[in-house]
Structures are given as C-alpha cells and as structure tokens.
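Here is the structure we will look at, set down as structure tokens.
The values are calculated or read from the model by the stated rules, or taken from the named source; none is laboratory data. Fair warning: this is a prediction, and the values are worked out from it, not measured in the lab. We place every Cβ from the backbone using ideal geometry, glycine too, and count neighbours over all the protein chains shown. Accessible surface areas use protein heavy atoms only, side chains included; no ligands, DNA or RNA. Shrake-Rupley method; radii C 1.70, N 1.55, O 1.52, S 1.80 Å.
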Amino acid sequence: MSLLAQDSKFPVHTLRGHTSSITASEFVRVPISTRAKTITLKEQHNKTTLKPFLLSADDSGKLILWDLTILRPLKTVQGHNTQVLTIRQLGIKDNEIDSRYFGLVLTHGRDHTIKFWKIFDESGVISFDLVYELPVNALNFSNVDIIDDIIVTPNTQNSNTFDIYDISFLSHEKVDDSRLKRLFEAVDVYKTAVERDYSKFEEFNIKRDEMDDDVNRTDKFGIIMKLLFITKELLFIGYESGHVAQIRLNRDSKTFEIINIEHQHYPNPVLSLTFDKIHNVVLSTSIGSNIVIHSLEKKDAVDVKLSKFGKISGVAVVHDKYIISSWNGYIRFYKLGSDHTSLEYLANFKKPKGLLAGDLNIIGNINNDAEAIGEKSTTIKPTSLEVYQEVEVVDPLIKKGIHRRDLKVIETSCLAVGYGDGTITLYNDL
Amino acid sequence: MTIEEDKRIRPYCVALSQIALAPDGIFDGNSSRTTQALKDLYTHFDHVIRPDSQISANLADYVFVPLSYLLKQPKLGDVQLELLLKILSLLIKHCWTTPKSIPYVLAKQLFPLITFLTGGSPNTEDKTEIKSKSSELKLAGSIALEYFFHSLSKQKDAKVFDFFSNVENLPALGHAVTVLLYFAEHGQSVELQLQAIKTLDTLFFKLIKDGEILSYILPGNVSTLTKIIAVPALKTHYTVMIDAITLLGDLLIMVYKDEELKPKINELESIEDALEGTELDVITIEEADLKKVHRTNAWLKATSSQVKIALQSFKKIGFNVRVEVKKTLLTFSQSLLKHCLFSLKSSIPIVVSMISFLSNDPRLKIEPNKTLSLSDTKNQQILNKIISSELDSSVNSFISVIQSPNEERIINTLGAIEFSLRHSYDQLLVKKLIETTRIEMADMLRKTCSKSKVQSISNGAIDLMVISKEVSEFPSDTKLSSIFGKIFSEKVENKLSHLYNIIGSLSDPSENIEELLVDDYGTNYEKAIALWISNNLLNGHFEKSRPERIADEFLDFEEEEMALQETPESAYLVLDYSKRILENIPEFELSQELELVSSIAVDSVGIAAYHLREEFRFELVDYLYPVIDSLASPSETVRKHASNTSMIIADTLYRGSLYELILVNADYLVDAVSIRLSNAMTTRATAILAVCVKIAGYKIIETFKDVLEIIFSLLDYYHGYDDLCIGFFMLFEIVADEINKKYLHDYDTQKLEYFESSSTYSPWGLKNLNQLKNLLDKSQREVIIEEKPQETEDDVEDEINAQDSDDEDLPEDVIPKVEEKKWISPIPEDAYKLLQQVVYYGERLLTHNSVKLHIQILRTYEKIVPILATAPDNLHPITASIWPVMCQQVNNSDPKIIIPGSKVLSQLLKYNKGFLSTRFTEFWSILKNNNLLRSANKSISETQKVVLPGLNSKAYESIVNMLIAGLDSMGRYIPDSITEEIIKTCVGVVPDIERFGMSSDIAWSIKDELYGSLKADQKPSNVEASSGTTYAFV
C-alpha cells in the first residue's frame, strides 16, 4: 500500500527548517577544503572542486544555508523582513569561476532591497556577512537577474521598465558604492516596440471587443514579471500582459534592439522564464497549464499545452529533462520531444495532505454540519524549484581527499522543491 | 669431617658390625635390633655430615664394613634394606663421588647389587618380586642409584674410567633402566616416580651422554614415558608428567640430534619416485661414522615411525591439563623442531599441530612467528612448508569438522587453522576457508531453522511505545548471546568469530569482504553468513589499528588525517550491504531466516559505528533509522541486537546517551519516517515518530507538520486498517501530551475554571445570599457588576483592547468583534489547529467498528479536550461537531467504550458549561432508555442494590459521574423535572449527596423519599465492589 501512484518519483530527503512558505532557493557552489596537504598543493594546478550548498529563503525573509552532506542548516539568517524573491550566486557561470565575485551571493526581497552577502572565502570557510545593500523597487513580484557584473531589476520608479547596474565595485577590497553605475535606466520595451512599429499588438484590440475590461485594464505590457539573462547582451523579459520580449543590449551605446516579442500567454502574466541551454530554448509559463518554448535560433515560439496538469507554478531544467510544478501540488518530470514542440511525460510527485483541517476561522459556526467543518484544500503548493547539475571529480587524488559523502553530493544531480508548508524536498538521480 | 665427629659415628658402626657378624642361624634380618642399629647409624651419620662435606676414605671403609657383612646376609627385610641403602647413598655422596674415590671393582659390584636390592632380579616377566617391595625401599634405591650414577659420571669426566664402555656392565644397565622406568610408571608415590625419572635423567645425560648407546635403550624408554605422559583421564600427577616430558624430549634430542646424524633430504627426482614412496621426501643419514654403528638408515626409518606413533598419542592430553604441563610440552615441541627437524621429519607435523593446539591457551602467549622461528633460514623454509601443508589439511578437513557434533574437535581445528595462519598467512586458503564456512553454515542453518514465523506478541507500534517509555534508561549491559545457537555452541561460535578476527587483523580484509558481499546469494542464510564473516574480518582489522589511530587523534593532527584516509572502503561496503538487507525486511511476518540476517545486519552498523568513531556521525543520516526501527522488531533477538547497536552508537558519539542520540538526530529519523510513510503503510514508522516526539518534545512537532499531513492523508485513504489508525492516534496522544507539557505545564487549571465562570450563561456571578440582596437593591447594583471574579492581567489587557460592541459610535468599516478577538490561549494557533484536526479525524473514525480504535481515540480526546478548552470560543464549534458521536460512545453497548466515552463527555460538559444545556437535555431523553441504566434502576427497585456483571458496574459508575458533571455545569439551565429524573438514577450509587452541588437539596429530598429521612442523613458506608460488583444502599 502506498499513498503515491506507481509512476511517482520519491524524494530522497526533506529539509525541514523553514516555518513559512519557501519563496526562493539557489544551489551555492563552495570550494571544498580537501583533507591532505599533498592534494591541496596539487589542487592549485587544477580547477577548484566545488560542493553545492542549498541557500533557501522563505516568506518571512529568513535565509537558511544547508549543508547537503549532513542535511542540516549551517547558517540561519534573517536576511530580509519579508518575502525573498531572488537568490543568486555571483562569480560562477557554468562552473567557470570569476574570482572577483566568487563568494558573493545576492538576495532580493520584497522589502525593496538587494543584499549582497559574502558567504565564504577562497578556501571555502563559511561566513554570512552583509557586504552591500542596494535599494530597488520590488512592488511587482519580479525577480532580478545577474550575469557577470551586471544586474537587471525593475526600474526604481516605474515598474513597467527596467534598470541595469554595473556592480563591479563589489570586487574591490573596500566596497565603495559611489562607483555603482547605472548602465541602463528605465528601459521601456513596449514604448520602443510601438515607436519602431515592431508589432501592431493586435491582441490588445481583440481584447477590447471580446473581453471584459475588468480582466485586463491595460493595453500595454504592464509591469515586469520576470527577467532572464541569456548572455550579457541577450535579455528575456516577461510582462504582466503575458508578452515575452527578447532584446539585445548594447552596453557601449546604451541602446537595445528588440529581437522578438511573443504573446502566447496574453492576457495572463508571465510567471516564469527558464533557459534550457542544451536545446537553446527559453521556456515561459503563465497561470495556465501551457508552456511556451521560445527558440533562440529560430526566434519564434511554440505553445505546448500540458494535459491534466493544472496551473504551472515553475519550471526547472536538468540534463535534457524538464521539471514542472503546478499549483495543484504536482511535480512532474518531462522530456522535450525531438521536434522541440512537445513534452514527453516521465514521472510525477505530489506531497500528501489530509482532507480535513483544523480551522480557527469558523468561530461561531455551531451548526452540526460536520462536512462544512474542517474541509480544506488537499494540496501543498510547490513554490520554488532549483536544480543542481552534477560534476564529476576526475582527479583520483582529489577524489581521495574528499569525504565520500561530500563526493556523493558533488557527483549527484539534485532537484530542490520548496513548498508552501516550508519544507524543501530533494530529489537525486534526475 | 672432624675427628670429633668421626668418633661419634664409629660406636654405631661397631654396634652394627656386632649384629652383622652374627652367625647365620642367629642373625635375624628383620629383628628390631638390626633395625635399630641401622637406624642409629643412619641418623647419626646423616646428622653429623654437613651437606657439602666429604668424609675420609678411612671412615667410609669403616662404615662400609658392617654394611658389606649385612649384604652378605640373605634375609634382610625391606625396612633394613631401605636403611642400608640410605647409608650407602650417604657414603656414595660424601665419599665416593670425587674422582678416583671409588674403585672400578667396587663400582662393578655395587651397581648390580643396588639394582637387585631395589628392583629384584633381572630378566623376568614376573613382576611380583618388584611389586612386593616397599615404596620406601624403592625410593631409597632410586636415590642410591642417582648418587651412584653421579659418582660414575665424575669418574668418567675425570677420565678415571668409563663405566659403561665396558660391555660387561651393559646387562646391568639394561636392568637398572627397566627397574627405574617401572618405578616411574607404576610408582605408588609421586615422590618415587619423580625420583626414578630424576635418576634416569642423571644416568642418561650426566653419565652416558651418548646418543649411540642411548639408542639401544630408546624404544623401551619412549614407550614407557609415552604411557606415563598420555595416560588418559589425568591419572598421572602433573609434576611427573612434566618431568617425563622433559626426559623424553632430552632423550629424543640426544638420540636423533640433527647435528650428529647429519641427515639430508633427498629431493625427489622423478614422478616414479613420488609414486613409489609414501612420503614425498626421503631422509638419509651418513652412516660411515664410528658413532653410528647402531643408528643406521634402517634404524632411523623404523624408530622414527615409532616416535611418530608415540607423539600421536600425546593428543590424548586434554585441553584441561595444567598450564605447567602445557608449557613443558611447548618447550618439548620447540626443542624437537630445533634439533630434530630432519631426523624426525615424519613427526614434525604432529609437533606443529601440538603447538597450534597449545596456542588455544592464551596463558601460554604463543606467538606463532616467535615459537616457530628457527635460526637457519633453510630449516625455516622446510618448517614453513610443513606448516603450510598442515594448514592446508586443516582447511580441507574443515568441511567435515564444522558439521561435527564434537565441539572440541571443531575448536581444535579452528585453533590449528588460526595458529598456522598467524605463522604464514595464505590468502588462497583463507578464501577457501571463507567459502567453506559460508556454504556449510548456510546449509546447516537451512536444515536446522524452521520455516515458521517469529511470533510477536503484539503489533510493532505498541512494542516501540514501550521502548519510548524506557528509552532513557535503556539497558546498557545488553550482552549478546550467540547468534548461531541453533547450530553451534557459544564456545564454537566465539572461536570461529575469533578466527575471522585474526584473519582480518593479518591482512587487509577488503578483498575478502568485496568478494563476500555480492548480491547473488540464493538464500538469506548465505547473506547472513557472508555479512557475519565480513563483520568479524572488519572487527579484527580495526581492532589491530585502533589503538594507534586513537593515539594519533591526540598526538598529531596530520597523522590523524592520514589515518582517516586509510579508513577501508570495506567498512562502507559492509554498511551498505547491511542497509540493503534492513530495507528489505518486512515489518511483520519475520521468519527465523530474516531474524538472523537482520540481527547480523544491525550488528554490522554497530561495528562500523564503533570503529569509524567520529566519521560515523556522517552516516547517521542513513543508518540511525534502520537501527531504531529494528528496536521495534517483532523479534526479540533483533531487538536485542538493535539495542546493543544503538548503545554502541550512543557510546561512541553521545557519551552513552541514547536520549541525546535521538534528540540530536530526530530530524534524520523524521525524514526517514516521512519517506517511508509515503512509500508504504507502516505502523512502526509512526511509533518511531512517537519516540522522537517523546524525546525531542514539542519543538520537533513544529518541524514535521508535513509528516502529520502525510498521516492525515493516510487516514483519508486507509481508515479501514485498525492497527494503522491506532498507531496514529497513539502518536496524536503523545503529541497532545507534549503540547500540554510545553505550554500548560505552569498553566493554572483554575484558569479553566475562570473560563467557565466567564460564560455569559452563568447567573450573574451570584454566589451568596448577600449578593442576591444587593442585586435586588437597586442602589447596590452597579457595585455588583464591578465585583466580577478576579481577572488576570492578560484578561484585563484583553478587555482594554477589545472594542465595545455596544458602542453606538462604532465606525462602519470596523471589522466585526469576533475576528478582532485576541488569541488568548497559551497554545499557539498552529498547535491548536493541529489538535482540532486530530479531533475531526477522530470524529470520523469513531464510526469505525474497532473497539480498540475507539478506546485509543477517546484516550486521545481526553488529553486534547482540556487543551482546546483554553480557547473556549473555539471549543464550542468543535464540541458541537463531535457531540453526536460522543453521545453514541456513552450510549454504546460495550462498557470498554462507555468508560472513556463518559470521561470525555464529562470534560466537554465541564468546559462548555451552559452551551450544551439543550444538547444535554436531549441526550438525557435518549440515555434514560439506556439498557445499562435501566437494568441498574431495575436492580435498585428490586433489591435496593445495583448488581451488574463485570465491567458494566464501572461503566455505570462512569455514566453517573458524567451525569453529575452535567448537572454541575449546567445548573439551573436544566429543567427541574429532568434534574430530578437524573438524580433518581444516580442517587443510589452516590453516597455523598453533596456531590450534586447546587442540586444537592433535590438529591436529599429524593433520597429521603426513596429510602427514608434517617437513612438519607446517614453517612454511607463505602461502596463495596466485589467480583459481581454490588452497591450497597444505605
């Protein structure tokens, strides 16, 4: 007997440390101190071995850094005083380390700040020191994104536009924010698109005829919902109107060029943007159960509808697989079809939850209708998805110097799903 | 000797002479006079002579003269002869020992004479003569011979004469040796036996000192000495054994000494040779030597095989012989190896196996490499070859030995294998041994163990609950008894385990363990044995390196790091294997096979924990759960092993505190439970959660709310399984306990009373007549309202914060009061909601028909209701929801349910007060037709007693208590007519009418009406409960 269906993929562990809903997480790669001297010496000629730690954040602004070897919190910090929207590690891209920023992590909260933390030093000793605090506009729920030394956030005053900052001053010994440079300010893609007659946005007209004004009052893109850097020049922006814009930035001339704008999600807001490097596509989702696959090559997009899935809450990519979570509590594992226009179902998981609940909001309800008392929704919502792609430690000497359990963590892919109940479940062997 | 002394002895010589010179007819050899004269001479002679002094030849002659006369007399008695020999001994010792002091002629006469006097005439098969002589005489003769031989050796050394080089003395020599050997074997006293051996020793090694001569008398010596040594049943005194062994050893060496015989091994040159000869190597000696006239190749061939047979009989010496004997045997064996490796080659395997047998005794501290080391490397090689072939044959015989019912035989073989391996480790043979052990033991187990399931008395969940109660004082002296009790005695098992420990310590066990722990075994028995052997190998390996490792930890940090790297992977292999086994053990229906394999797997974890020390902390995440889970196994054996392992872990990492082990690692346990709960239905996992909660307290409940959701979800789907549900509600009960402990431990229950009196239904808070007067007096009325019961600070604050709902100026958009209401319960809302959830699930499951489940749910309710009562406004809707089903419990036909049901209902009535008045009244209208109440009433009206069978009486009592609780809390909100009805039902069994509280006057009048006023006033005698409980009415 089992609570879960045959095709369920079972989590290997659950991290229980947060008491409110998980809102963001990031696998932070930390240099691992190997044990024997000989290895340390040899190591200098090799790439540093990095071990993933999970940094998670919740609705209350609490940050927890988890050691995945012992599955326990190493550090717990009240990073923000409200919901955390984004966590990103700096100075590492595709396992290439940029030592200027390596060791830094940014957290971005709805308390209108981006905080930069120094969480470890060159030898991997963990700390958790606030380095710099950047005030931003977090009225919309948008994330921020960072690539190398540039960071994109919604504009300080106008949530419909974005700013890009140069944060290279963080690499200096002494952080001097007079060096903080705003490379782009209040970039308004919609305005440019209309001005340059990029698109006629016919969907806005259709809406006037067929839809109720209450559904969508704007005939613009509205506020920014999601930001995603593909390269330092290539940026994806998801809007409240459901439009996904792909633009090319020119840092020198401080101008940009619109590559493509897609409207499949209209009129629902874009809720996620995910880059799949292997297939060179970006996946976007909205509140529906469809997923839009944007091809970087062809500069177009396909709309794929997932059956019996409910509304998608997040997408993660590992190897050639997609992990998609829905608001009805399911995590499903898919594979992109060979034609890049369909998804192939692999497995799923749903956190069990009782049908009855204690409810303090029924005070005074003293009728005998037991059915009405204690009924509740039967889902625990997945609220964040994060993937770690395994790295093989090749050098036998280094391999020998690493604790076997650390080695296992390094060499095993991992999916971390954060839930509304504050738990994070971990999956291996994706 | 001074002249003085000389003079003191002479008179006695004269006296003796007078007797001795008496003519034949007159002389009486047995007369007391003769005896006295001999005695006088002996005593004084002995007294006068200082131990090391010499006497003059003159005096010697003077003493000897009467003796020589006496000797000529034919009929001397034993006593006289004994004395005579004693005097003669003194003479030899103190006069005739120095070179040239004894003439050859005298010696030639004396030797056969003494021998004859002591042992009778030679060349006779008839032993009656020798037997008839007294023990004392034999002793005196033996001593005399010893001194005599000693004297002869002095002559020989000084080259005066070599007594036995003259062939005419050889027959006498033969006779003397026969007599002495006879004494050594059959001597009536230990003293005589020892002396005979001592005399022989003097003869052989002080006097003769010639292997060639000794070789003539060797066979008789070997056979007699062997008889002495190997007499079964410990008949020979151990000191005699020791001396006999030493003598035999020295004799063999003297005769077979390699240096003298110069044997050489003729290596085989062709296959034909090998086919012809039984022995592979042929030993030959150089014969062209004056010293080897007798000792030829033919002689060697014949005698060495006799020696072999003799040594084989040494096996009869049991293991229980005294350690001194064993030590001598060891020396004996070592000497043979050293000196007779070639000439006695055929006996060497026996010698080796003798040493390995001796090595079983730890007191001898035998170190194979020291004991079996020879200075000559070539010889060492030959010895090693012999040892290897011995090992080979032991291992080969192991198949038949291990199945043997003869315990000693198994132990000896194991000991021999161990000894040989310690001397020369042989990986191939070890592999063979492991293979044999695995297959044979698995086979034996399969034949012996029954297929039947291990009987468990109760379900696993309940078992573990018991553990959770005792968990802090868990028995730490859980010494594990043997695990293969079905096929071996504990001794054999220990020996086998010890052997594998040794093998593990001799070489890196990784290879063996890797080969052992494969997954393609057909049966769990094979897996069990494979893992058991691995455990022992690992134990042995670590045990060896452990002291150094621990020292390293303190001494040198870097060293410790190195040691860490050397942690063999095999330890993790074993862990991994055990985990796979434990994961596949079913929760119930444990067969003996699975019981065995899981016990061993649990041991593996303990062994790994013990040796990995701090490193094992990293493994807890995977291995703590299976161990704790095994604590709840239906098998007592598994539980024992599990508790042993958990104590090892606790000792290693948590200073022996199992409590701390679980407290610190509760998160791992919870995690493991959550995965298992969603994977498969398990009641044991729930029990483990319960243990965690009990130990870690409420703070852990906060972290595993998602697990509770899984449980609720399981209740949604699998509510048909009683055991599962009971397990969950046991957990809930413990959760309620912990919430109570955490938040209500200093909570004044009087506060709950306060909530009661704050009920809006209470009669204006009036408590006495004065208050009533004041109420009626308008001028005082305001005051009364202010005189509300005392409020605690919290409540005052609450009052201040609460908005006055009567306020006419209330702004329109203000949120209604109910929702504004501050959370006043000390219980956090989350916990409150959780308990509420539990109540709702209980409510649904109370429709289930399992009595056990009902009882458990009601028990849980009993714990939860007082906690929920801390927020009375929230209690009302919950009460409303469960009221109908609770009434059903009280109105149930099963008294086991009525009792707890009534208790919970009483609580609800107490904490909800007037809120329930209508429901209570309605319930009474149903309850009054209850069978139990009706039969009780019938009983009262007929006999004025309530007589109910068994539990029914208790059930009745509990209903009555509930009704009283109802009357108590509802007070005037129940119509008087109903109050009367209820009291009529109860009053019979309630001796103290005061218990009816505000209705006590009604009670009094009813009682009076029913039983008369006098009786109503009387203090009742206590309710008497007998087997068919009877309530006596007063």
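Here A:Gln157 clears all of (1) open to solvent by 80 Å² or more (accessible area, probe 1.4 Å); (2) at pLDDT below 85; (3) assigned to a loop (DSSP other than H, G, I, E, B) except the condition numbered (2).
The set of residues in the stretch A:18-49 that are outside any loop (DSSP other than H, G, I, E, B), at pLDDT below 90 and open to solvent by less than 20 Å² (accessible area, probe 1.4 Å) comprises A:Pro31, A:Ile39.
Take B:Val255 and tell me if it is closer than 27 Å to B:Lys206 by Cα, at pLDDT 85 or above, open to solvent by less than 40 Å² (accessible area, probe 1.4 Å) and in contact with a helix residue (DSSP H, G or I) (Cβ under 9 Å, 6 or more places away or on another chain).
Details: closer than 27 Å to B:Lys206 by Cα: yes; at pLDDT 85 or above: yes; open to solvent by less than 40 Å² (accessible area, probe 1.4 Å): yes; in contact with a helix residue (DSSP H, G or I) (Cβ under 9 Å, 6 or more places away or on another chain): yes.
In short, yes.
The residues of the stretch B:835-850 that are of a type outside the set (Phe, Trp, Tyr) and part of a helix (DSSP H, G or I), listed by number, are B:Leu835, B:Gln836, B:Gln837, B:Val838, B:Val839, B:Gly842, B:Glu843, B:Arg844, B:Leu845.
Look at (1) open to solvent by 30 Å² or more (accessible area, probe 1.4 Å); (2) modelled with pLDDT under 90 and you find that B:Thr246 fails only one, number (2).
When restricted to residues that are within 19 Å of B:Ile114 (Cα to Cα) and surrounded by 19 or more Cβ atoms within 10 Å (Cβ to Cβ), the stretch B:14-39 contains 2.
Out of the residues in the stretch A:281-297 meeting the condition of being within 18 Å of the chain's Cα centre (by Cα) and outside any strand (DSSP E or B), tell me which one is surrounded by the fewest Cβ atoms within 10 Å (Cβ to Cβ).
A:Ile287
Results for (1) open to solvent by 30 Å² or more (accessible area, probe 1.4 Å); (2) in contact with a helix residue (DSSP H, G or I) (Cβ under 9 Å, 6 or more places away or on another chain); (3) modelled with pLDDT under 75, shown as yes or no for each residue.
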{"site": "B:Val946", "(1), (2), (3)": "no, yes, yes"}
{"site": "B:Glu957", "(1), (2), (3)": "yes, yes, no"}
{"site": "B:Met962", "(1), (2), (3)": "no, yes, no"}
{"site": "B:Gly966", "(1), (2), (3)": "no, yes, no"}
{"site": "B:Lys1019", "(1), (2), (3)": "yes, no, yes"}
{"site": "B:Glu1024", "(1), (2), (3)": "yes, no, yes"}
{"site": "B:Thr1030", "(1), (2), (3)": "yes, yes, yes"}
{"site": "B:Phe1033", "(1), (2), (3)": "yes, yes, yes"}
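Taking (1) at pLDDT 90 or above; (2) within 14 Å of chain A (Cβ to nearest Cβ); (3) over 17 Å from B:Val838 (Cβ atoms) in turn, B:Ile897 satisfies each apart from (2). If you filter the stretch A:403-423 down to residues that are among the hydrophobic types (A, V, I, L, M, F, W, C) and not in a strand (DSSP E or B), you find that the one that is least open to solvent (accessible area, probe 1.4 Å) is A:Ile410.
Residues being closer than 21 Å to A:Asp421 by Cβ and either in contact with a Lys or Arg (Cβ under 9 Å, 6 or more places away or on another chain) or of a type in the set (Phe, Trp, Tyr) (or both): count how many of those fall in the stretch B:717-734. Step through it out loud before you land on a result.
Within the stretch B:717-734, the subset closer than 21 Å to A:Asp421 by Cβ is B:717, B:728, B:731-732.
Narrowing further to those that are either in contact with a Lys or Arg (Cβ under 9 Å, 6 or more places away or on another chain) or of a type in the set (Phe, Trp, Tyr) (or both): B:717, B:728, B:732.
Total satisfying the criteria: 3.
Here are B:Ser397, B:Ser359, B:Ser375, B:Ser424: which of them is buried (at least 20 other Cβ atoms within 10 Å of the Cβ) and of a type in the set (Ser, Thr, Tyr)? Before you say what the answer is, go through the steps one by one.
Details: B:Ser397 fails: buried (at least 20 other Cβ atoms within 10 Å of the Cβ); B:Ser375 fails: buried (at least 20 other Cβ atoms within 10 Å of the Cβ); B:Ser424 fails: buried (at least 20 other Cβ atoms within 10 Å of the Cβ).
Among B:Ser397, B:Ser359, B:Ser375, B:Ser424, only B:Ser359 is buried (at least 20 other Cβ atoms within 10 Å of the Cβ) and of a type in the set (Ser, Thr, Tyr).
Which one is nearest to the other protein chains (Cβ to nearest Cβ) among residues in the stretch A:384-402 that are open to solvent by 10 Å² or more (accessible area, probe 1.4 Å) and within 16 Å of A:Pro11 (Cα to Cα)? Looking at the filtered set, the residue picked out is A:Ser384.
Taking the options A:Gly124, A:Gly109, name whichever one is more than 30 Å from A:Lys220 (Cβ to Cβ) and surrounded by 15 or more Cβ atoms within 10 Å (Cβ to Cβ). Testing whether each residue is more than 30 Å from A:Lys220 (Cβ to Cβ) and surrounded by 15 or more Cβ atoms within 10 Å (Cβ to Cβ) leaves just A:Gly124. For the stretch B:213-232, a tally of residues being within 22 Å of B:Glu191 (Cβ to Cβ), open to solvent by 40 Å² or more (accessible area, probe 1.4 Å) and aliphatic (A, V, I, L, M) returns 1. Within the stretch B:40-53, work out how many residues are touching a residue at least 40 places away in the same chain (Cβ under 8 Å) and either β-branched (Val, Ile, Thr) or surrounded by 17 or more Cβ atoms within 10 Å (Cβ to Cβ) (or both). Qualifying residue count for the region: 5.
To keep it simple, each residue is scored yes or no on (1) modelled with pLDDT of 85 or more; (2) under 16 Å from B:Asn584 (Cα atoms).
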| site | (1), (2) |
| --- | --- |
| B:Arg613 | yes, no |
| B:Phe616 | yes, no |
| B:Ser633 | no, yes |
| B:Leu658 | no, no |
| B:Leu677 | no, yes |
| B:Ala687 | no, no |
| B:Ile695 | no, no |
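Residues in the stretch B:714-743 that are within 12 Å of chain A (Cβ to nearest Cβ), more than 18 Å from B:Arg684 (Cβ to Cβ) and assigned to a helix (DSSP H, G or I): 2 in all. Here A:Leu426 meets each of (1) open to solvent by 40 Å² or more (accessible area, probe 1.4 Å); (2) more than 7 Å from chain B (Cβ to nearest Cβ); (3) at pLDDT 80 or above with one exception, condition (1).
Select from the stretch B:677-687 the residues that are facing another protein chain (nearest Cβ under 10 Å) and of a type outside the set (A, V, I, L, M) and list them in ascending order.
In the first step, residues of the stretch B:677-687 are kept if they are facing another protein chain (nearest Cβ under 10 Å); the result is B:677-682.
Once the filter is applied, which keeps residues that are facing another protein chain (nearest Cβ under 10 Å) and of a type outside the set (A, V, I, L, M), the stretch B:677-687 yields B:Ser678, B:Asn679, B:Thr682.
Residues are listed down the side, and each one gets a yes or a no for (1) open to solvent by 10 Å² or more (accessible area, probe 1.4 Å); (2) more than 52 Å from the chain's Cα centre (by Cα):
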site	(1), (2)
B:Ile864	no, no
B:Leu868	no, no
B:Ala871	no, yes
B:Leu875	no, yes
B:Ile878	no, yes
B:Cys887	yes, yes
B:Lys896	yes, no
B:Gly901	no, no
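Of all the residues in the stretch B:403-428, those that are part of a helix (DSSP H, G or I) and in contact (Cβ under 8 Å) with a residue 40 or more places away in the chain number 16.
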